[in-house]
Each structure stands twice: as structure tokens, then as C-alpha cells.
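Everything on this sheet refers to the single structure shown next.
What follows is calculated from the coordinates using simple rules that are stated; it is not laboratory data. Note that the structure is predicted; figures quoted are calculated from it, not measured. Neighbour counts are summed over all protein chains in view; Cβ atoms, including those assigned to glycine, are modelled from backbone coordinates with ideal geometry.
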Amino acid sequence: MKKLLTALFLVFSTLATTVYAEDAPPPGQIGVSPSMLELSIGSKPVNESLRLFNLKKTPTKVNVEVYNWTLDENNEVKLIPPTEQSLDQWMLINPKSFVLEPRKSQVVRLSIRPPVKPTPGEHRALIYFTEERMNDTTAVGEETPVEVLFKLGVGVYANANPIKRSSSLKGLSLGKNGNSLKASITNSGNVHTRLKGTYSIWKKAKFPGIQNAEKYVTDAAAEKAPEGLVASGQLNQTPVLPGKTRTITTQLPGLPGPGSYVVAVSGALDEKKIEKTYPISR
């Protein structure tokens, strides 16, 4: 059996895991919407739903599991044992196993029903959608077929009142080689926070000013890139969990050649506006 490749990634506001074999179709052929759930909980049940899409030409059998989780020191997902106050213990999911036909979708419903009073703040769960091989039978003498597996994770954040949003940006710096932005964030609240916004890289002589940079980035996304805009993109929105200080790194594309450039950052942290510029010379 060929070695499985494992990729763990955060898609903007969600936590997602994809596991696939070397001969697997592109992971983009399986999708889930929404990519993350954030909701309020209290004494009454809360009902939500997710939809899984199969864009492949073959059916796939899917199992659904839910776990308690946190992020480790490297900002990677770590599954942890459940507790009386963990969201995974309060969640009912239906269906928990199904066959997803080609070019079809499946609604998965979930209901959150805490048997105890939720403590104030954030309660988290990670819902995993995992593929299972459709046919496990192999004739004698035949080589075991390569397993084609996917594993998608959707983060669920459930907040119980009173919630407290309190975070601070301790530092935002450009990496030594100009190929990354590093944001040091402290979260002293009881719900997660994230640095939201965009970055853009400009030729210095054509830089429109930090007040206009974000507008031009929006135009560039609509294929109306202004002169002088080299590259742009979203800031890494990996969450910083309550009570933690973390450094969140956004990788930047390389510069096209020698010259003077400006890296502009337009974003917000818990509604606090952040605008920074960094000169680069090559």
C-alpha cells in the first residue's frame, strides 16, 4: 500500500484536515459548506446543518465523527479528551454515515443540547468527514488496491454569555527576507480571535498610500489590478484561542526583481483597525 500523505491546513475561518493517497483525485473534488460554524448557545437546543459536496465521478462512503480539540504551540490541531463542558459531548449528528453519489450533495444536521449549564465563553468541536473504501473484498492473489481517503474537518465554535473579547497585537513585523509577515497576538478574552484583512505589495513609485491600498486590492480581485500592484492576498486567519499568545505567520510571494517596494497591511483585530507599511529594497 502506498504511503499516505497528510496535509493539515486552515482555510481562512475554518479548521480543516485533508488526508489522501498518492493516486487520489484532487482534494478540491470534495467540499463542505459552510467551512466553519460560529454560534451562540444557552439553555435551549441550537440546530444547524452542513452540506458535503462530491464533485468526483465516483461515489464515496462518508463517516462523520466529532472531537474536542485545541491548538498546540505550533498552531496545529490537537485532539484532546472530552470533558463535561466540551462541545463534542453536547452535539447530536444525523446522519453519521452515508454514501455520497457522484455530483451530488448531502445535508448533515447537527443539534447542540447541553445537559449542563455552559460556562461563559467559547466551547469548541471539530467535525470530521472521513472517506471509507466502498469495497473491502480482494480476490486471492490480487494486489490490495490503493486506498483513496479524504478527511475534512469543520471547526464549530459555540459561545455562551457573557463573552469577553479582549486581544492585543504585540507586534507585526516583516520577516528578514521579506517573504513573510509575523503577527504576535495575545488573547485575554474567553473566545478566540483572529487577525483579519489583506496584504499588498507595490512598486514604491506607484504606491497609492495605505488609506487606498485595500480598495485597490479589492479591485485587483475583480481583475482590475492597478499599475504598480505586484501581489496581494488574505492575511493568515489562524485563530488565537482564549488565554493564549501566538505568532501567526502569513507567507508572502517573492518579488519580481530588483527595485524598491512597499508591503502594505490593512486589517483588524477584534474591530481594532490595523494599518502598517514596510519598505523593501532589492
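A few remarks follow.
- Surrounding net charge for G171, when Lys and Arg each add one and Asp and Glu each subtract one, Cβ distance under 14 Å: +4
- Across the stretch 67-72, computed HN-Hα scalar couplings (Karplus, 6.51 cos²θ - 1.76 cosθ + 1.60, θ = phi - 60°) run 9, 7, 8, 8, 10, 7 Hz from first to last residue, x flagging Gly and Pro.
- Ordering of 256-264, 232-240 by packing is 232-240, 256-264, highest average first (other Cβ atoms within 10 Å, averaged per residue).
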